[in-house]
1. (1) in contact with a helix residue (DSSP H, G or I) (Cβ under 8 Å, 6 or more places away or on another chain); (2) touching a residue at least 60 places away in the same chain (Cβ under 8 Å); (3) surrounded by fewer than 22 Cβ atoms within 10 Å (Cβ to Cβ): which one isn't true of Leu24, the others all being true?
2. Would you check which residues across the range 27-46 are more than 16 Å from ligand 1 (Cβ to nearest atom) and surrounded by 15 or more Cβ atoms within 10 Å (Cβ to Cβ) and list them?
3. What is the number of the single condition among (1) without any contact (Cβ under 8 Å) to a residue 40 or more places away in the chain; (2) open to solvent by less than 80 Å² (accessible area, probe 1.4 Å) that Glu129 does not meet?
4. Filter the range 141-153 down to the residues that are surrounded by fewer than 10 Cβ atoms within 10 Å (Cβ to Cβ) and either in contact (Cβ under 8 Å) with a residue 24 or more places away in the chain or assigned to a helix (DSSP H, G or I) (or both) and list them by number.
5. Within the set of pairs 6+ apart or on separate chains, which have a first residue in the range 154-172 that is in contact (Cβ under 8 Å) with a residue 24 or more places away in the chain, a second that is of a type in the set (A, V, I, L, M, F, W, C) and within 8 Å of ligand 2 (Cβ to nearest atom), and C-beta atoms under 7 Å apart?
6. Of the conditions (1) at pLDDT 95 or above; (2) closer than 21 Å to Leu71 by Cα; (3) within 13 Å of ligand 2 (Cβ to nearest atom), Arg171 clears all except one; give me its number.
7. I'm trying to understand the selection: among the residues of the range 89-126, which are open to solvent by 60 Å² or more (accessible area, probe 1.4 Å), assigned to a loop (DSSP other than H, G, I, E, B) and in contact (Cβ under 8 Å) with a residue 40 or more places away in the chain?
8. How about the range 157-188: which of its residues are more than 30 Å from Phe88 (Cβ to Cβ) and either among the basic types (Lys, Arg) or open to solvent by 80 Å² or more (accessible area, probe 1.4 Å) (or both)?
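The values are calculated or read from the model by the stated rules, or taken from the named source; none is laboratory data. None of these values were measured; they are calculated from a predicted model. Because the Cβ atoms are built from the backbone with ideal geometry, glycine has one as well, and the counts that use them run over all protein chains shown. Just the protein is used for accessible areas: all its heavy atoms, side chains included, with ligands, DNA and RNA removed. Shrake-Rupley method; radii C 1.70, N 1.55, O 1.52, S 1.80 Å.
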Amino acid sequence: MESLDELLVKAEAAHGHLCAGQILGVRMALLGLERLGIEDPRGADRKRLVTFVEIDRCATDAIGLVTGCRLGKRSLKFRDWGKMAAAFVDLATGRGVRIVALEDSRELAKKLYPHVEPKSRQQMMAYRELPDAQLFSEQWVKVDIEASELPGAKGERVLCSRCGEGVNFGRFAEVDDQRLCLSCARPELRYWEAGDSGH
Ligand SMILES: [Zn+2]
Ligand SMILES: [Zn+2]
């Protein structure tokens, strides 16, 4: 595995800037991989890992970079819970470890570097060097991932009886014997409102 410094250089390039979230994310991912005994997540071990992230912030990019898990490969799962937390699941053994950034890490950073300004710099310096146990809590977890949710799963493609759009991975609902996409089945849950048809 590359060093923290090497990974931070890559994380900065991929994310656009270096920030406290990148450092926490890289360290969280390194800790998860270490606990699972996965040494080459983007090479030989690339099919072993699925990562669940619980927030869509800076750290998420860093976690994706270190683990090689991506939304587009179905190996990165997003649970929108607003928590600075991630679970790393080893498909080879079925073991998972969920890691949470501790609330008092900002206070620790303040104590460690009281005279450093701005706070973002103070936090970046501290998060590089504080031991894992002071930054994170961790817990072994069991995560059942259905076969249909795994990377590489093949699923039936269904055309919505109402809008005609194709739906993959079984994301449809049966309503009155019709197969509807979730947007037609539950219009109140749409994230969009129809405007003029676009070109
Ligand atoms: Zn950032
Ligand atoms: Zn539809």
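1. Here Leu24 clears every test but (3).
2. Within the range 27-46, the first condition is being more than 16 Å from ligand 1 (Cβ to nearest atom), and the residues that meet it are 30-46.
Correct list: Leu30, Leu31, Gly32, Leu33, Arg35, Leu36, Ile38, Pro41, Asp45, Arg46.
3. Only one criterion in (1) without any contact (Cβ under 8 Å) to a residue 40 or more places away in the chain; (2) open to solvent by less than 80 Å² (accessible area, probe 1.4 Å) is unmet by Glu129, namely (2).
4. We begin by selecting, within the range 141-153, every residue surrounded by fewer than 10 Cβ atoms within 10 Å (Cβ to Cβ); these are 142, 144, 146-147, 152.
If the condition is that a residue be surrounded by fewer than 10 Cβ atoms within 10 Å (Cβ to Cβ) and either in contact (Cβ under 8 Å) with a residue 24 or more places away in the chain or assigned to a helix (DSSP H, G or I) (or both), then Lys142, Ala147, Gly152 are the ones that fit.
5. Cys160/Val167; Cys160/Leu180; Cys160/Cys181; Cys160/Cys184
6. For Arg171, the failing item is (1).
7. Hits for the range 89-126 are Leu91, Ala92, Thr93.
8. The answer is Arg157, Leu159, Arg162, Glu165, Glu174, Asp176, Asp177, Arg179, Arg186, Glu188.
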